[in-house]
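**Q** Below: one structure in structure tokens.
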Amino acid sequence: MKVLKFGGTSIGSPHRMKNVLKIINDEKDIIVVLSAISGTTDELINIAGLLYRGNKKEASMKADILGKGYLKLIPEIYDTNKYRKEAESVINTHIDYLRSFTLKEFSKKQEKTILAQGELMSTALFFLMAKEHEMDPSLLPALNFMRIDKDGEPDMFYIRENLDRELKNVQGLGPVITQGYICRNAYGDIDNLKRGGSDFTATIIGSVLTADEIQIWTDINGLHNNDPRYIDHTEVIRELSFDEAAELAYFGAKILHPSSVVPARSANIPVRLKNSMHPEDEGTIISSAYSSSGYKAIAAKDGITAIKIKSDRMLLAYGFLRKIFDIFELYKTAIDMITTSEVAVSLTIDDNTRIKPIIDDLKNLGTVEFESNQTIICIVGDFIAEDTGTTVEIFNALSKIPLRMISYGGSKHNISLLTNSSNKKDALNALHEHLFKK
Ligand code: ADP
Ligand code: ASP
Ligand code: MG
């Protein structure tokens, strides 16, 4: 059994949707995970924002425009009037539902329900398309089995039990289609796996069902050695280990959701990254089988806040770090990088929703400084910790870039550097020139 996930651009037009149908037509025993059609989630976020600010008229207008965009696609997606009518009714139902939020009080909690409409629409349209092509598909509602716990982590036990049950009830012999990204939370409310979360859905499903392979189909021939949005002439990497891929995803390679490699690595299921516009290209394979030495890829993660805690009392004091970590644990905020000196600790976080109470509590331990708009640049490869050449090459490359923190030796796959976000593009370019263009 395989899990095939298609991202928003892969189903971004009738032509592309038909391409996806062709790709899955050659497969047997598959679960197809779909994102929302590209641009939809952004639009839904806009609509939720307008509702939240009480701008009901504009929210309703935006919902209309979104609906009209979908209705325009329908004649091209389907060959027969029967399916065109069914699809129109699906879209009208979802758009009416979106509009219904303008008639009542809007709370932040409802935002997630609005965001879920993107994946619900794309899968409904695709299901009808597969039906029209007599593929005997089934539509599996992700909200019936996908769930996160109180910490926002996938509840694997619940997911396994409920997905098994849902699959037992499947009648069709063809592809099983389900929504990426959307889920329920520990309270049963509609929630999601954060932006780009359909990748995560695919690896969670692949992992609980012990799939033979998880395929992430997107708009590029696999994972590149640098961010193609900022750097020209990046190259595809054909093979990566789980550890390397996990680091790259976590540290900003947008092609994969930050947590998406974790379930695949735990269950040892290979992940293949493929281009839906060029299915003939072999793409990238991520597995436990592969290891090599040297630099593999560079990624960057924005939106980082650096925090420095200075304290004379820290000098030779054990227990100081524990006190710091306790504060971050209390506010459920993960630390990405950390460096220490005799009198100070510097660390970074990417989620600053609870920054205020964190800083207030840290002030009890010493003087606290913090700065946002930081970027972690992460160089991933298979480094040997004692290898003298690695660090020299990296620092030579970055001789003109001000670095704020350096983390090396935590894992043999990753060297992380912190710099102001304004230096990001220069840093990525300089590293690319030095490390890959020899
Ligand atoms: P999808 O909609 O299919 O989920 P995404 O936009 O989330 O697609 O991810 C694919 C995009 O990720 C590519 O178009 C590319 O611009 C971007 N990207 C960033 N870093 C990398 C990288 N290292 N390798 C490949 N693509 C990358
Ligand atoms: N539709 C969601 C997003 O745009 C999830 C995804 O694309 O993976 O973030
Ligand atoms: Mg994505």
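The values are calculated or read from the model by the stated rules, or taken from the named source; none is laboratory data. Please read these numbers as outputs of a predicted model, since none were measured by experiment. Glycine also receives a Cβ, built like all others from the backbone with ideal geometry; neighbour counts cover every protein chain displayed.
**Q** Looking at (1) free of Cβ contacts under 8 Å to residues at least 24 places away in the same chain; (2) within 17 Å of I298 (Cβ to Cβ), which one does G381 not meet, given that it meets all the others?
**A** All conditions are met except number (1).
**Q** Any residue in segment 346-366 that is within 20 Å of H432 (Cβ to Cβ), assigned to a strand (DSSP E or B) and at pLDDT 95 or above?
**A** First, pick out the residues of segment 346-366 that are within 20 Å of H432 (Cβ to Cβ): none.
Among the residues of segment 346-366, not one is within 20 Å of H432 (Cβ to Cβ), assigned to a strand (DSSP E or B) and at pLDDT 95 or above, which makes the answer no.
**Q** Filtering segment 409-438 down to residues that are under 12 Å from I379 (Cβ atoms) and more than 25 Å from the chain's Cα centre (by Cα), which residue is surrounded by the most Cβ atoms within 10 Å (Cβ to Cβ)?
**A** L435
**Q** Can you tell me which residue is surrounded by the most Cβ atoms within 10 Å (Cβ to Cβ) among those in segment 194-249 that are within 14 Å of ligand 3 (Cβ to nearest atom) and among the aromatic types (F, W, Y)?
**A** F200
**Q** Of these, T333, T339, which one is closer than 24 Å to L417 by Cα and free of Cβ contacts under 8 Å to residues at least 60 places away in the same chain?
**A** On the way: T339 fails: free of Cβ contacts under 8 Å to residues at least 60 places away in the same chain.
T333 is the lone residue from the list that is closer than 24 Å to L417 by Cα and free of Cβ contacts under 8 Å to residues at least 60 places away in the same chain.
**Q** I would also like to ask the following. State yes or no: is L115 within 19 Å of I77 (Cβ to Cβ), within 16 Å of ligand 2 (Cβ to nearest atom) and of a type in the set (A, V, I, L, M)? Steps first, please.
**A** On the way: within 19 Å of I77 (Cβ to Cβ): no; within 16 Å of ligand 2 (Cβ to nearest atom): yes; of a type in the set (A, V, I, L, M): yes.
Here the answer is no, as L115 does not meet what is asked.
**Q** Could you tell me whether segment 45-67 includes any residue that is within 16 Å of ligand 1 (Cβ to nearest atom) and in a helix (DSSP H, G or I)? Step through it out loud before you land on a result.
**A** So the first thing to find is which residues in segment 45-67 are within 16 Å of ligand 1 (Cβ to nearest atom), and the list is 45.
Of the ones still in play, those that are also in a helix (DSSP H, G or I) are 45.
Looking for residues that are within 16 Å of ligand 1 (Cβ to nearest atom) and in a helix (DSSP H, G or I), one finds at least one in segment 45-67, hence yes.
**Q** Regarding F395, is this residue touching a residue at least 40 places away in the same chain (Cβ under 8 Å) and either crowded, with 16+ Cβ neighbours inside 10 Å or of a type outside the set (G, A, S) (or both)? Before the answer, list the steps.
**A** Numbers: touching a residue at least 40 places away in the same chain (Cβ under 8 Å): no; either crowded, with 16+ Cβ neighbours inside 10 Å or of a type outside the set (G, A, S) (or both): yes.
Taking the combined requirement at face value, the residue does not satisfy it.
**Q** Are any residues in segment 71-92 surrounded by 13 or more Cβ atoms within 10 Å (Cβ to Cβ) and either of a type in the set (S, T, N, Q) or assigned to a loop (DSSP other than H, G, I, E, B) (or both), and if so, which ones?
**A** Of segment 71-92, the ones surrounded by 13 or more Cβ atoms within 10 Å (Cβ to Cβ) are 71, 73-78, 83-84, 86-88, 90-92.
Listed by number, the residues that qualify are Y78, N92.
**Q** Any idea which residue in segment 1-49 is farthest from ligand 2 (Cβ to nearest atom), counting only those that are under 16 Å from the mean Cα position of the chain (by Cα) and exposed (fewer than 15 other Cβ atoms within 10 Å of the Cβ)?
**A** G39
**Q** Here's something else I'd like to know. Is it fair to say E105 is charged (D, E, K, R) and not in a helix (DSSP H, G or I)? If you could, list the steps in order and put the result at the bottom.
**A** Values: charged (D, E, K, R): yes; not in a helix (DSSP H, G or I): yes.
Here the answer is yes, as E105 does meet what is asked.
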